[in-house]
Structure formats: C-alpha cells, structure tokens
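A.B. asks: Got a structure for you, questions after.
The values are calculated or read from the model by the stated rules, or taken from the named source; none is laboratory data. It should be emphasised that the depicted structure is a prediction, and the values quoted were computed from it without experimental measurement. Note that we place each Cβ from the backbone using ideal geometry, even for glycine, and neighbour counts take in every protein chain shown.
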Amino acid sequence: MGFCLWKNNKVSRFILLFCLLFYVGGQSNCYATPKAISELGMVDNLFFYDHPGIMEVSPPTTKNNHQEFCAGDLPTLASVQINEANIIWYDKASNGTPLAPNSPIENNATYYAAQLIGNEESTQRLAVFISLISPSTPTTKNTVQVFSSTDNATVAELEVEETYIVWYDAPQAGNLLDLDTPLQNGKSYYAAQVTSICESTTRLMVKVEVNEPSDIKVSKTVNNKHPMIGEKVVLTITVENDGISNFNNIVVTEHLDRGYKYVNAKTLNGSYDPSNQVWTLNSLPAKATAVLNLEVETTADGSYSSISALKASMPQDNNSQNNSAEITLEPSCIKIYNEFTPNDDGDNDYFRIDCIETFPESDLQVFNRYGALVYQKKAYQNEWRGLANVNGVGKGEILPTGTYFYILKTDALSENKTGWLFLRKE
C-alpha cells in the first residue's frame, strides 16, 4: 500500500484519494510536501518515491537574486533577504562548507542558500549575488586647517573637495556631528562621502588649529631724519607679533622713493631681496620681534618717502590698522667742502659750506688735532680764511697747514654735523 503523510482535513482527504489512485495505477508511494513546517494545512508540491520515509525539500526563494549593501554597514549573511526562515548558507552551489549566519559578506561574491525542514535540507540551492557599495574617501587641499577664535568657526566651514559629506568625531563608528558644531583647537574631524544611501568606509581626517587673536605691528624709525644730500642713513623696520599664537610666511614690502639709493640690508630674521624690495620671514612666534636695518643714501633728485607694509601672513592678520609705517626724510641742502687753500689767489680761499645762509642760527667750531678750539663763529656765512679767532692759539694769525676737525650746529638739523677739513696755505 502507498503512504500519504498529511493532516486529516478536507484537503488531506483529496490528497489521500489522489494518492490511492496513483497506488492503484502502480505508484508505490505518495508524499505531499508542505510549504512550511508551521503550516501543515497547505500543499505546495507533490513528490512520488519508491522509498517510503524520504521527503524532498524545495530550495528557498528571494525577492532579488542580486542584492546590494553599504560596505560601511558591515553586512553579514543574516542581512541577505530570503523569504523562508530556516536557511543554511554555503560558498558553493553543491557540497561546499556551511557558513555561519554572522559571516561577513564580500563584494562581487555569490552565496548559496539551502532550506532546512526538520532534518531535511533542500538538494537545490538558491544563488544570491552580492554587491557592496563603498563611495570614495573625500579629499581636501589642506589636512590641517587654521581658524581664528574670533571666527567662531563650525564644522560647516571645514573645506573638502566633494559636495555630499557627513562629519564624525572618530575614524570609525563615532558620533555624527551637526554642521553647526563649534570647531575645537587641536581636535581632528573625520569626513565620509555619501552617495545614494551609503558612506565611504575610509574617512578623511582634518586637523583643526584655532588660534587666539594675534596682531602683526609694523613700525619704522630712521637714525637721521635730516641728512645732508649724499649722506647715508639707516631705516629700521620692526615687525612685532603682538599676540599669543604664531604667524608664518610673513611678507613685508618696502617702497623707496627716487631720492634714495640702496646701499645694504641687515637682518637676523628672514631675508631681504633688494631687487623687488621684499622682506620675507618664515615664522614669527608669539610676542616675538623681527628687525630689518636698511642702509640707504640720499640723492640730490627725487622725493624721500619710505613705506613698509605687511603684504601677507598665515594666518591672515585681521587688524590692518597697524600693518604699515611711513617715514619721510627732510634732507638738508648743506654740503661741506673739507679742503681749502687760504693763499689769496682768489681760488678756494675760504672754508665753504653750501646752503649755510638758510641756517642763520648755525654755530661753527673748528679744533686742531690736539682738541683745542681755534675758530668759532655763530651764523657762519662762508667767511673763514684760516685765521684763529680764539685766545691762546694765536688769535688773528693764520693757522698752520694741517688737518682740523669741525662741528656744525643748527637748530634745524636733528644732529650736529661733524667731520674733518684740510687747511693748506701754499
């Protein structure tokens, strides 16, 4: 007799009759395979076997044989959509090694599912192809980004090349940051690119530096504001970091009017290029000062303004009110000729000072090589012919040939003019 394993209801009576008919026709056994173990009132397939007690299990089914996942979600075999409940996964269509449900799935890989009913497993397996979506890591021009504390910068101001970005506080997992999260000094932030619903598995790290307010001050002095034409002076340019954070890549430009002739430049900080009149400093620490001494000569033609100005720095100096300094010299037209021959030949008989008539308050003093005063004249007007006019050194007599030293004082000049002169009688 044939066997029909089923529940005693209307459907089972129909199946039993169906089985008996086949038995009469010579089929030895008849089995009905249910759709699921928990639903024994429904018949899904009928199979006929020569050996009683063996039940054929159908392979599982799915809504999609090609399934996509975000690589960043770390999906496993348990994430794959299968319609049936009891599933065994394999790495091959037949035979192969069973895989645990928590096994990570790989990109562009095929996995095979068998259905298990009781102790029976489907001989046919369902193939499912897996794709893992992993957007590329974001990029940036600066992995260290600098802000000023006065900017009150937020995560939204971090610079990256891509458009759709989310930020975290850790390279993996971590907390998702709102765009209005304030940036903190010394902290690193991690960017993931988003395409569709997936994020890049590798995040871009950006380190943030938040500098306290700093200010670069530029000042300028000169050792002689009223030089004579042809006289050398030293312009001293000072750059001061009046803050508590460092400045880098500082560029200071120098403008010299036509009345100046460049002579030399000296500095212990950075370098000065006379060809383009630019002073560069690699860095200037907080509260530090850099000095450039610029030696120039005043010429007869042109104006005498000199301007030093901050052109660039990192970070940018937000206070531009003290980023430049200017000095304008007022050269004297005085020119002192340091040799004369008082021999009454009508040629170069007097000690001559050009432009002395414009200084009626002048005071000229002449000393011999022993330091004794031999001549003195207030409001000098180029009338000295080499005669002593001081008691004790032959007053009224012609001085001997030799080298003498002079001091010229005027109220208009910031400093006394001093030098030597040679008196020749022959």
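A.B. asks: Which condition number in (1) over 14 Å from I307 (Cβ atoms); (2) part of a strand (DSSP E or B) is the one that I244 fails?
C.D. replies: Going through (1) over 14 Å from I307 (Cβ atoms); (2) part of a strand (DSSP E or B) one by one, I244 breaks only (2).
A.B. asks: Let me ask you something else. Among the residues of region 357-394, which ones are over 10 Å from L408 (Cα atoms) and of a type in the set (V, I, T)?
C.D. replies: T358, V374, V390, V393
A.B. asks: Yes or no: T110 free of Cβ contacts under 8 Å to residues at least 40 places away in the same chain and either under 30 Å from K63 (Cα atoms) or part of a strand (DSSP E or B) (or both)? Break it down stepwise before answering.
C.D. replies: Values: free of Cβ contacts under 8 Å to residues at least 40 places away in the same chain: yes; either under 30 Å from K63 (Cα atoms) or part of a strand (DSSP E or B) (or both): yes.
Criteria met by T110.
A.B. asks: Inside region 360-373, can you point out the residues that are farther than 13 Å from K417 by Cα, touching a residue at least 12 places away in the same chain (Cβ under 8 Å) and of a type outside the set (G, A, S)? Steps first, please.
C.D. replies: Initially, region 360-373 is screened for residues farther than 13 Å from K417 by Cα, giving 360-361, 367-373.
In the following step, the residues that additionally are touching a residue at least 12 places away in the same chain (Cβ under 8 Å) were identified as 360-361, 367-369, 372-373.
P360, E361, F367, N368, R369, L373, listed by residue number.
A.B. asks: Right, next: Exactly one condition in (1) assigned to a loop (DSSP other than H, G, I, E, B); (2) among the acidic types (D, E); (3) farther than 29 Å from K220 by Cα is false for E357; which is it?
C.D. replies: (1)
A.B. asks: Taking S131 and the conditions (1) crowded, with 17+ Cβ neighbours inside 10 Å; (2) part of a strand (DSSP E or B), which numbered condition does it fall short on, given that it satisfies the others?
C.D. replies: Condition (1) is where S131 drops out.
A.B. asks: Does E106 fit the bill of being over 20 Å from Q81 (Cβ atoms), surrounded by fewer than 14 Cβ atoms within 10 Å (Cβ to Cβ) and out of contact with any Ser or Thr (no Cβ under 7 Å at 6 or more places or on another chain)? Spell out the reasoning first.
C.D. replies: Working: over 20 Å from Q81 (Cβ atoms): no; surrounded by fewer than 14 Cβ atoms within 10 Å (Cβ to Cβ): yes; out of contact with any Ser or Thr (no Cβ under 7 Å at 6 or more places or on another chain): yes.
In short, no.
A.B. asks: Inside region 158-226, counting only strands (runs of 3 or more DSSP E) that do not spill past its ends, which hold 1 or more residues that are within 17 Å of the chain's Cα centre (by Cα)? Break it down into steps so the answer makes sense when it comes.
C.D. replies: Details: elements: 165-168, 188-195, 204-211, 216-222.
The qualifying strands (runs of 3 or more DSSP E) are 188-195, 204-211.
A.B. asks: Quick check, is V366 more than 25 Å from M228 (Cα to Cα) and either surrounded by 12 or more Cβ atoms within 10 Å (Cβ to Cβ) or among the hydroxyl-bearing types (S, T, Y) (or both)? Lay out the reasoning, then the answer.
C.D. replies: Numbers: more than 25 Å from M228 (Cα to Cα): no; either surrounded by 12 or more Cβ atoms within 10 Å (Cβ to Cβ) or among the hydroxyl-bearing types (S, T, Y) (or both): yes.
For V366, the condition - more than 25 Å from M228 (Cα to Cα) and either surrounded by 12 or more Cβ atoms within 10 Å (Cβ to Cβ) or among the hydroxyl-bearing types (S, T, Y) (or both) - is not met.
A.B. asks: What is the residue count in region 191-248 for residues that are of a type in the set (S, T, N, Q) and closer than 24 Å to L281 by Cβ? Write out each step before concluding.
C.D. replies: At the first step, the residues of region 191-248 found to be of a type in the set (S, T, N, Q) are 193, 195-196, 200-202, 211, 214, 219, 221, 223-224, 236, 238, 241, 245-246, 248.
Next, from what is left, pick out any that are closer than 24 Å to L281 by Cβ: 211, 214, 219, 221, 223, 236, 238, 241, 245-246, 248.
The qualifying residues number 11.
A.B. asks: Determine which single condition L235 fails, assuming it passes every other condition in (1) surrounded by 15 or more Cβ atoms within 10 Å (Cβ to Cβ); (2) within 23 Å of the chain's Cα centre (by Cα).
C.D. replies: Result: L235 fails condition (2) only.
A.B. asks: Could you tell me how many of the residues in region 269-291 are closer than 15 Å to L235 by Cα and free of Cβ contacts under 8 Å to residues at least 24 places away in the same chain?
C.D. replies: Residues of region 269-291 that are closer than 15 Å to L235 by Cα, as a first pass: 272, 274, 277-279, 290-291.
Of the ones still in play, those that are also free of Cβ contacts under 8 Å to residues at least 24 places away in the same chain are 272, 274.
Matching residues across region 269-291 total 2.
A.B. asks: Considering each of D363, D411 in turn, give the residue that is in contact with a Ser or Thr (Cβ under 8 Å, 6 or more places away or on another chain) and over 22 Å from D345 (Cβ atoms). Before you say what the answer is, go through the steps one by one.
C.D. replies: Values: D411 fails: in contact with a Ser or Thr (Cβ under 8 Å, 6 or more places away or on another chain).
Within the list D363, D411, the selection yields D363.
A.B. asks: How many residues are loosely packed, with under 15 Cβ neighbours inside 10 Å, part of a loop (DSSP other than H, G, I, E, B) and in contact (Cβ under 8 Å) with a residue 12 or more places away in the chain when one looks only at region 304-337?
C.D. replies: Going residue by residue through region 304-337, those that are loosely packed, with under 15 Cβ neighbours inside 10 Å are 311-312, 314, 316, 318-321, 326, 328, 330, 333, 337.
Subset that is part of a loop (DSSP other than H, G, I, E, B): 316, 318-319, 330, 333, 337.
With in contact (Cβ under 8 Å) with a residue 12 or more places away in the chain added as a condition, the list becomes 318-319, 330, 333, 337.
Summing the residues that are loosely packed, with under 15 Cβ neighbours inside 10 Å, part of a loop (DSSP other than H, G, I, E, B) and in contact (Cβ under 8 Å) with a residue 12 or more places away in the chain in region 304-337 gives 5.
A.B. asks: Also: Any idea how many residues of region 284-304 are modelled with pLDDT of 95 or more and of a type in the set (S, T, Y)?
C.D. replies: Here the count works out to 1.
A.B. asks: Kindly establish whether T298 is among the hydroxyl-bearing types (S, T, Y) and in contact with an Asp or Glu (Cβ under 8 Å, 6 or more places away or on another chain). So that I can check it myself, show each step before the final result.
C.D. replies: Working: among the hydroxyl-bearing types (S, T, Y): yes; in contact with an Asp or Glu (Cβ under 8 Å, 6 or more places away or on another chain): yes.
Yes: the conditions hold for T298.
A.B. asks: Is it the case, given these coordinates, that N343 is under 30 Å from T253 (Cβ atoms) and out of contact with any helix residue (DSSP H, G or I) (no Cβ under 8 Å at 6 or more places or on another chain)? Break it down into steps so the answer makes sense when it comes.
C.D. replies: Working: under 30 Å from T253 (Cβ atoms): no; out of contact with any helix residue (DSSP H, G or I) (no Cβ under 8 Å at 6 or more places or on another chain): yes.
For N343, the condition - under 30 Å from T253 (Cβ atoms) and out of contact with any helix residue (DSSP H, G or I) (no Cβ under 8 Å at 6 or more places or on another chain) - is not met.
A.B. asks: Take D344 and decide whether it is crowded, with 19+ Cβ neighbours inside 10 Å and of a type in the set (D, E, K, R).
C.D. replies: Numbers: crowded, with 19+ Cβ neighbours inside 10 Å: no; of a type in the set (D, E, K, R): yes.
In short, no.
A.B. asks: Of a type outside the set (G, A, S), buried (at least 16 other Cβ atoms within 10 Å of the Cβ) and in contact (Cβ under 8 Å) with a residue 12 or more places away in the chain: does that describe V144?
C.D. replies: On the way: of a type outside the set (G, A, S): yes; buried (at least 16 other Cβ atoms within 10 Å of the Cβ): no; in contact (Cβ under 8 Å) with a residue 12 or more places away in the chain: yes.
When the stated conditions are applied, V144 does not pass them.
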